[in-house]
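Presented below is the structure to which this report refers.
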Amino acid sequence: MSAEDTVSDAAGAISADRFVEISYDDVIPNNVALGADKQLQRALETWRPNYLGWWNSMGPLGYQTSDVYLRTAVGVDPAGWAKFGYVKMPAYRWGILLAPKVEGRAIPFGRHKGEPAWQEVPGEHRALLRRLIVVQGDTEPASVEQQRFLGATAPSLYDMRNLFQVNVEEGRHLWAMVYLLVKYFGKDGREEAQALLERQSGQMDNPRILGAFNERTPDWLSFFMFTFFTDRDGKMQLAALAESGFDPLSRTCRFMLTEEAHHMFVGETGVQRTIEATCAAMVKAGIKDPHDVEAVRKLGVVDLPLLQRKLNFHASVTRDLFGSEISSNAAEAFGSGIKGRFNEANLKGDDHVLTDATYPVTRVVDGKLVEEQTPALRALNARLLDDFIVDCQGGVDRWNKSIDKSGVAFRFIQPHKGFNRRIGEFGGKRISPAGEALTEDEWKAKSGEWLPNDDDMQFIASLMKPCHEPGKYTSWIAPPRVGVNNQPGDFEYVKIA
Ligand SMILES: [Fe+2]
Ligand SMILES: [Fe+2]
């Protein structure tokens, strides 16, 4: 059972008393007593029309007047925090929601370990904190921009609804970061909040901060791979920030993680359903060889080797988001108690200060891959990346299981972490998916087999035909096993206006 099922089931059984937790009477729904802080309220109410202007010009293209079956947070209790209903996207109740305060919470790591968590920004770490919040905040509207054209080619209304759900929640994540900037960083924070609406994904003059958020998301396969891999980077970063000694950041990120689970569900099951459609069509047509690409493509489904190349691309581009494996900035963020490790508070076996600890980092030395013990403090990005790769493997294993079930002989493999990297230890190095260091000529001869080529992208584009009839799905994707909030198969998730 996935996290999504748990959420849906729980939300179905939601009780009325949970509704009081968040004030929906205010212009900006919140559980932070916004009405009691007039200055903050005014600042956010000033930002709101700019946000809506951004949503209308850079958010989903079309469908803004359609009724979409969306979930909206009504509480922050993980057992039942959402309700479902038809909403026109611009009327979505974007709000400010923090996980409950844990009384007596102490800073779990770094030089300040054991001291009471900060309720205000510690002056000495102000610049670092602001930077981390801005970088996180920048990714949220970026992904909405990257995905803005996808509605028109949705393979079903179910998928279209999932896309829009992800989009409105990324919008809410922007609100979450903007709240922190405006409340805790004064004039600087207000300026940063405005700049978050001005940078634009893929724009030459004023692009989004991180590379992967300036790539295009041109088709639904890219969308599913993005939500599987790149939203999972979001999960890892949020999890590390949820450990923060700055308590408002920790509480904000903890609630965002609840929403993030759905985004990865969309990605994992989207790829899974693509695989199911492919394998079913192959079995039906009696095609045994998954590498008989021509025959498979004739069936109107995506061949598995192409899916592997898409996986290779999205995995490698996303890994660059973790930054240089060895990083003094990451050491500083940890030492100062601002950003922890994945699952920090539950990690056993070290002192959470890491003064003398080491961590193995794979590096390229004299053209060979070697593992070097590195001071753990400086290897925190390497560690978060390794944790990410482990987290991805669960989904990849489930994909392989569904191929096995169909009897087709094929396995997806995550490429070596050095493959196709631009940043960090492997930046500019040529490493094969199996982890061999290559010469430039060897790379040129082989990379077309490992990364999506023009032919692949053209084929994918040719499949992107919309299917907007309730209960119907395009040829290349199987229907989901259960509907959103247990709705029946022919449910009209988007009433297209
Ligand atoms: Fe997000
Ligand atoms: Fe997300």
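The values are calculated or read from the model by the stated rules, or taken from the named source; none is laboratory data. Being a predicted model, the structure only gives us computed values, none of them experimental. Heads up, the Cβs are rebuilt from the backbone with ideal geometry, glycines too, and the neighbour counts pull from every protein chain shown.
Structure summary
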{"read-out": "Residue match in the stretch 97-105 (condition: modelled with pLDDT of 95 or more, part of a helix (DSSP H, G or I), within 27 Å of Gly186 (Cβ to Cβ) and charged (D, E, K, R))", "value": "no"}
{"read-out": "Identity of the residue in the stretch 260-274, within 16 Å of ligand 1 (Cβ to nearest atom) and among the small types (Gly, Ala, Ser), that ends up nearest to Asp303 (Cα to Cα)", "value": "Gly267"}
{"read-out": "Criterion: free of Cβ contacts under 8 Å to residues at least 24 places away in the same chain, closer than 30 Å to Val484 by Cα and outside any loop (DSSP other than H, G, I, E, B) - qualifying residue of Leu241, Leu311, Leu257", "value": "Leu257"}
{"read-out": "Members of the stretch 423-440 that are under 20 Å from Arg383 (Cβ atoms) and touching a helix residue (DSSP H, G or I) at 6+ places or on another chain (Cβ under 7 Å)", "value": "Ile423"}
{"read-out": "Filtered residue count, the stretch 356-391, keeping only those that are surrounded by fewer than 21 Cβ atoms within 10 Å (Cβ to Cβ), among the hydrophobic types (A, V, I, L, M, F, W, C) and part of a helix (DSSP H, G or I)", "value": "2"}
{"read-out": "Test set (1) outside any strand (DSSP E or B); (2) polar (S, T, N, Q); (3) crowded, with 17+ Cβ neighbours inside 10 Å - Gln39 fails condition number", "value": "(3)"}
{"read-out": "Qualifying residue in the stretch 462-474 (condition: in contact with a Cys (Cβ under 9 Å, 6 or more places away or on another chain), crowded, with 16+ Cβ neighbours inside 10 Å and not polar (S, T, N, Q))", "value": "yes"}
{"read-out": "Flag for Met282 being within 16 Å of ligand 1 (Cβ to nearest atom) and out of contact with any strand residue (DSSP E or B) (no Cβ under 8 Å at 6 or more places or on another chain)", "value": "no"}
{"read-out": "Positions within the stretch 58-75 being among the small types (Gly, Ala, Ser), over 19 Å from Thr153 (Cα atoms) and not in a strand (DSSP E or B), in sequence order", "value": "Gly75"}
{"read-out": "Filter result (without any contact (Cβ under 8 Å) to a residue 60 or more places away in the chain and among the charged types (D, E, K, R)) within the stretch 27-62", "value": "Lys38, Arg42, Glu45, Arg48"}
{"read-out": "Selection status of Phe313, over 30 Å from Arg126 (Cβ atoms), within 16 Å of ligand 2 (Cβ to nearest atom) and of a type in the set (Phe, Trp, Tyr)", "value": "no"}
{"read-out": "Residue in the stretch 409-429 that is more than 30 Å from Phe334 (Cβ to Cβ), at pLDDT 95 or above, among the charged types (D, E, K, R) and not in a helix (DSSP H, G or I) present", "value": "yes"}
